[in-house]
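**Q** Below you will find the structure I want to go over with you.
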Amino acid sequence: MSNHLKITLVSAALAVFALPGVAQSTATTAQSSTAPSTPVTGESIQDRKENQQDRIANGVNSGQLTAGEAANLEKKQSSLNQEERDMRRLDNGKLTAADKKTLTQQQNQVSKQIYQDKHNSAVQNTNPKSEVGKRQENQQDRIAQGIKSGQLTAGEAAHLEHKQAKINQEVHADRQANGGKLTAREKAQVNRQQNRQSRQIYRDQHNHRHQ
């Protein structure tokens, strides 16, 4: 057999053995190109929720978020949490990639709203001089602590802040009607409302429901 023919046969044999490796390499490349580069995990969804709650709590505590703004933000967070629970029910407790993408996009929208609300001109007085104002500030501090610790769910915080916003608006209207002051009767009424609010804050913080 000529040397030229031997070389030809050896080359053909090597090519046959190399084919599986080439096919495997091609499949691996194709698979890696279709795999998500930055998958969103269930843990990151939970971390994002906690981060949003911390930002809201900090805004309430610092006075950058009014009771009304906090109520609106917490209502949105509560709706997102419910949506996540519904998604998990449909998939045996798990979130699909599409679910995670949807939740992340919605959390991005809430995140922008938190930033806007914390940097607008509306603020809560964190150093009030009046007894009524100090009571309002104390209630806000308690709500902020409950949000931060997870003792208050987003739904509970939304409900409490909505009530607090109504009390604050009532005080504001009474002051406008009386030259910036509150009558003794108005003070007594506000104090009763704040007492009810205080009891509700306590119950919500100790009902074993957590964020």
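**Q** Take the residues of the stretch 118-141 that are within 11 Å of residue 60 (Cα to Cα) and surrounded by 18 or more Cβ atoms within 10 Å (Cβ to Cβ): which is modelled with the lowest pLDDT?
**A** 124
**Q** Need the failing condition index for residue 166 against (1) under 16 Å from residue 140 (Cβ atoms); (2) at pLDDT below 95, just the number.
**A** The number of the failed condition is (2).
**Q** Looking at this structure, is residue 176 within 24 Å of residue 82 (Cα to Cα), part of a helix (DSSP H, G or I) and not hydrophobic (A, V, I, L, M, F, W, C)?
**A** no
**Q** Restricting to the stretch 89-148, name every residue that is of a type in the set (Lys, Arg) and in a helix (DSSP H, G or I).
**A** 89, 100, 101, 112, 118, 134, 135, 142, 148
**Q** Right, another one. Could you say whether any residue in the stretch 159-176 is of a type in the set (Asp, Glu) and crowded, with 18+ Cβ neighbours inside 10 Å?
**A** Applying the first criterion (of a type in the set (Asp, Glu)) to the stretch 159-176 yields 161, 170, 174.
Going one step further and asking which of them are crowded, with 18+ Cβ neighbours inside 10 Å, we end up with 161, 174.
The answer is yes, given that some residue of the stretch 159-176 is of a type in the set (Asp, Glu) and crowded, with 18+ Cβ neighbours inside 10 Å.
**Q** Quick one: how many residues across the stretch 58-84 are charged (D, E, K, R) and buried (at least 18 other Cβ atoms within 10 Å of the Cβ)?
**A** 4
**Q** Would a scan of the stretch 4-22 turn up a residue that is over 30 Å from residue 166 (Cβ atoms), at pLDDT 55 or above, of a type outside the set (Lys, Arg) and surrounded by 10 or more Cβ atoms within 10 Å (Cβ to Cβ)?
**A** no
**Q** For the stretch 181-211, give me each residue that is in a helix (DSSP H, G or I), free of Cβ contacts under 8 Å to residues at least 12 places away in the same chain and in contact with a helix residue (DSSP H, G or I) (Cβ under 9 Å, 6 or more places away or on another chain).
**A** 189, 196, 202
**Q** Does residue 178 meet the test of being without any contact (Cβ under 8 Å) to a residue 24 or more places away in the chain, out of contact with any Cys (no Cβ under 7 Å at 6 or more places or on another chain) and within 15 Å of residue 60 (Cβ to Cβ)?
**A** Against the criterion (without any contact (Cβ under 8 Å) to a residue 24 or more places away in the chain, out of contact with any Cys (no Cβ under 7 Å at 6 or more places or on another chain) and within 15 Å of residue 60 (Cβ to Cβ)), residue 178 does not qualify.
**Q** In addition: List pairs: first residue in the stretch 113-134 and of a type in the set (D, E, K, R), second residue assigned to a loop (DSSP other than H, G, I, E, B) anywhere in the structure, Cβ distance under 7 angstrom, at least six positions apart or on different chains.
**A** 117/65; 118/64; 118/65; 134/128
**Q** Enumerate the pairs (first residue in the stretch 44-57 and over 13 Å from residue 146 (Cα atoms); second residue anywhere and of a type in the set (Asp, Glu) and part of a helix (DSSP H, G or I)) with beta-carbon separation below 8 Å, excluding pairs fewer than 6 apart on the same chain, so at least 6 apart or on different chains.
**A** Short answer, once both residue conditions are applied: 45/84.
**Q** Give the residue that is surrounded by the fewest Cβ atoms within 10 Å (Cβ to Cβ), with candidates limited to residues of the stretch 85-112 that are in contact (Cβ under 8 Å) with a residue 40 or more places away in the chain and hydrophobic (A, V, I, L, M, F, W, C).
**A** Here the residue is 97.
**Q** Determine which single condition residue 77 fails, assuming it passes every other condition in (1) within 30 Å of residue 207 (Cα to Cα); (2) at pLDDT below 95.
**A** (2)
**Q** Residue 152: in a loop (DSSP other than H, G, I, E, B), without any contact (Cβ under 8 Å) to a residue 60 or more places away in the chain, in contact with a Lys or Arg (Cβ under 8 Å, 6 or more places away or on another chain) and of a type in the set (A, V, I, L, M, F, W, C), yes or no?
**A** No: the conditions fail for residue 152.
**Q** Further question: Only one of 76, 94 is farther than 30 Å from residue 139 by Cβ and in contact with a helix residue (DSSP H, G or I) (Cβ under 7 Å, 6 or more places away or on another chain). Can you tell me which?
**A** Exactly one residue qualifies, and that residue is 94.
The values are calculated or read from the model by the stated rules, or taken from the named source; none is laboratory data. The model shown is predicted, which means the values in this text are computed figures rather than measured ones. In this analysis, Cβ positions are derived from the backbone assuming ideal geometry, glycine residues included, and neighbour counts consider all displayed protein chains.
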